[in-house]
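K.L.:
Okay, here's the structure, questions in a sec.
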Amino acid sequence: MEYSMNYSMNAAPATVTQPVRLELIDASGAATPLEAELRYDATDPFAVTTVFMTGHSEVRWTFGRDLLAEGLYEPAGDGDVHVWPCLDSNGHAVVIIELCSPDGEALVQARTGDLRSFVDRMNKAVKPGSESELIDIDATIASIFAAEAA
């Protein structure tokens with residue numbers, strides 16, 4: 001069952017998108033270019049989505065926006081997504097994102113500057129710590145109960 005969230009009318013929801021070139025790292029350490037897009041939508045204010053362009057389809061991973069922001073500077077994550085700063089084989093600053101699911105694991109890296117730019121724009125759109133102001137908790141709970149009663 002899918003539930004919708006109700007949002008405060010105090011501000012129009014903000015959306016931030018940014019194309020980004022990632023590198024998929026295989027078991028031998030070889031990197032394969034992978035086009036992706038980072039998306040932040042204030043209608044889901046605690047999350048960020050990475051959309052991987054895989055030929056004719058898209059693969060989406062959604063995880064906490066704070067996880068991406070923290071991973072720029074120190075290892076972050078507990079569970080299916082881990083993010084940490086690193087240096088690539090040429091000594092350039094990158095951020096590693098490890099994604100785990102029952103279907104497998106993927107390790108990708110992105111230039112730190114690209115991710116920092118996205119995080120800065122996301123934080124300008126919705127200040128960290130103010131995410132809950134965008135959600136009408138009472139209305140959200142009411143819609144969950146209404147959906148369960150139907």
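K.L.:
Report yes if some residue within the range 60-75 is over 26 Å from Glu133 (Cα atoms), at pLDDT 90 or above and more than 18 Å from the chain's Cα centre (by Cα); otherwise report no.
P.N.:
Within the range 60-75 (the criterion being over 26 Å from Glu133 (Cα atoms), at pLDDT 90 or above and more than 18 Å from the chain's Cα centre (by Cα)), the answer is no, since none of the residues qualifies.
K.L.:
Asn90 is checked against (1) open to solvent by 40 Å² or more (accessible area, probe 1.4 Å); (2) touching a residue at least 12 places away in the same chain (Cβ under 8 Å); (3) outside any helix (DSSP H, G or I) and fails just one. What number does that condition carry?
P.N.:
Going through the list (1) open to solvent by 40 Å² or more (accessible area, probe 1.4 Å); (2) touching a residue at least 12 places away in the same chain (Cβ under 8 Å); (3) outside any helix (DSSP H, G or I), Asn90 breaks only (2).
K.L.:
Under 21 Å from Gln18 (Cβ atoms), aliphatic (A, V, I, L, M) and either touching a Gly at 6+ places or on another chain (Cβ under 7 Å) or surrounded by fewer than 18 Cβ atoms within 10 Å (Cβ to Cβ) (or both): does that describe Met53? Spell out the reasoning first.
P.N.:
Values: under 21 Å from Gln18 (Cβ atoms): yes; aliphatic (A, V, I, L, M): yes; either touching a Gly at 6+ places or on another chain (Cβ under 7 Å) or surrounded by fewer than 18 Cβ atoms within 10 Å (Cβ to Cβ) (or both): yes.
Against the criterion (under 21 Å from Gln18 (Cβ atoms), aliphatic (A, V, I, L, M) and either touching a Gly at 6+ places or on another chain (Cβ under 7 Å) or surrounded by fewer than 18 Cβ atoms within 10 Å (Cβ to Cβ) (or both)), Met53 qualifies.
K.L.:
Can you tell me which condition Trp84 does not meet? The list is (1) aromatic (Phe, Trp, Tyr); (2) open to solvent by 90 Å² or more (accessible area, probe 1.4 Å); (3) assigned to a strand (DSSP E or B), and all the others hold.
P.N.:
Among (1) aromatic (Phe, Trp, Tyr); (2) open to solvent by 90 Å² or more (accessible area, probe 1.4 Å); (3) assigned to a strand (DSSP E or B), the lone unmet condition for Trp84 is (2).
K.L.:
Count, please, the residues in the range 99-127 that happen to be open to solvent by less than 70 Å² (accessible area, probe 1.4 Å), outside any helix (DSSP H, G or I) and under 22 Å from Pro45 (Cα atoms).
P.N.:
2
The values are calculated or read from the model by the stated rules, or taken from the named source; none is laboratory data. Everything numeric in this text was worked out from a predicted model, so none of it was measured. Neighbour counts run over all protein chains shown; Cβ positions are idealised from the backbone, glycine included. Only protein heavy atoms, including side chains, enter the accessible area calculation; ligands, DNA and RNA are left aside. Shrake-Rupley method; radii C 1.70, N 1.55, O 1.52, S 1.80 Å.
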